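The values are calculated or read from the model by the stated rules, or taken from the named source; none is laboratory data. This one's a predicted model, so the numbers in the text were calculated from it and none came from an experiment. All Cβ positions, even for glycine, are placed from backbone atoms using ideal geometry, and neighbour counts span all protein chains on display.
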């Protein structure tokens, strides 16, 4: 079910890029399926004691309402937002649907994470080609651990507005390497924290019944998520200085959602 929702979201947004009279409908279908994907993953994230993504799912309902309402009103800012989503899917899709490409990226991340761990005198053995093992604990590196999702989203934002070739290149050189390298550091941090049990705290809220999971919870679901959010905000601010139109667009989006949500609350 999840794979089908993702596939149809991807297809819908890519079709939106073609200049036809159905563009708004393709974008609407894409946004609806994105929200559907979030809700389909709630049980998985709750099993990991990850409450951030279920919260995103809840907040996505008013977001979806406003987005669809303004989309069918031909709002330029929402059309740009849909283009950002389409470009993000276009960048991410090859890694998702071409196994050799996705596995190649995972393998690069595994190698570089392993090198960083060894440099920090915290070597872990590879129990499988993408599974780190140390002190009886295992951490599997999957496509979501490569940073390609965040890179795709940020590059989608870059291509949402008009900009020069030089601006696009500068933005790419900022976003791609920064997120990729920081993600390697994040993987190493999570592996070290989990396999050496750095954060064995509050098992009543952080444990899923698996021995030692609390350290993974705090490292992966809390500390890493907070740091990732800070990094993305910093990158967005830097992108605004490279492409000033992004700042104007962000201000427009903020005004739209603030106005619409206030109207919903009044009703």
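Is there a residue in segment 140-151 that is assigned to a strand (DSSP E or B) and closer than 29 Å to residue 9 by Cβ?
There is at least one residue in segment 140-151 that is assigned to a strand (DSSP E or B) and closer than 29 Å to residue 9 by Cβ.
Here are 105, 59: which of them is part of a helix (DSSP H, G or I) and free of Cβ contacts under 8 Å to residues at least 24 places away in the same chain?
59
For segment 165-177, enumerate the residues that are surrounded by fewer than 18 Cβ atoms within 10 Å (Cβ to Cβ) and under 15 Å from the mean Cα position of the chain (by Cα).
176, the sole residue that qualifies.
How many residues does segment 77-102 hold that are in contact (Cβ under 8 Å) with a residue 12 or more places away in the chain and more than 20 Å from the chain's Cα centre (by Cα)?
2
Give me the residue from segment 191-212 that is at pLDDT below 90 and in a helix (DSSP H, G or I) and, out of that set, surrounded by the most Cβ atoms within 10 Å (Cβ to Cβ).
Across segment 191-212, the extreme among qualifying residues is 206.
Give the residue that is farthest from residue 155 (Cα to Cα), with candidates limited to residues of segment 224-240 that are out of contact with any helix residue (DSSP H, G or I) (no Cβ under 6 Å at 6 or more places or on another chain) and without any contact (Cβ under 8 Å) to a residue 12 or more places away in the chain.
Per the stated criteria, the residue is 226.
Among the residues of segment 141-151 satisfying the criterion of being without any contact (Cβ under 8 Å) to a residue 60 or more places away in the chain and closer than 16 Å to residue 112 by Cβ, which is surrounded by the fewest Cβ atoms within 10 Å (Cβ to Cβ)?
Going through segment 141-151, the residues without any contact (Cβ under 8 Å) to a residue 60 or more places away in the chain turn out to be 141-149.
Add one more test, that the residue is closer than 16 Å to residue 112 by Cβ, and what stays is 141-143, 145-148.
Numbers: 141: 21, 142: 10, 143: 18, 145: 22, 146: 23, 147: 22, 148: 23.
Selected residue: 142.
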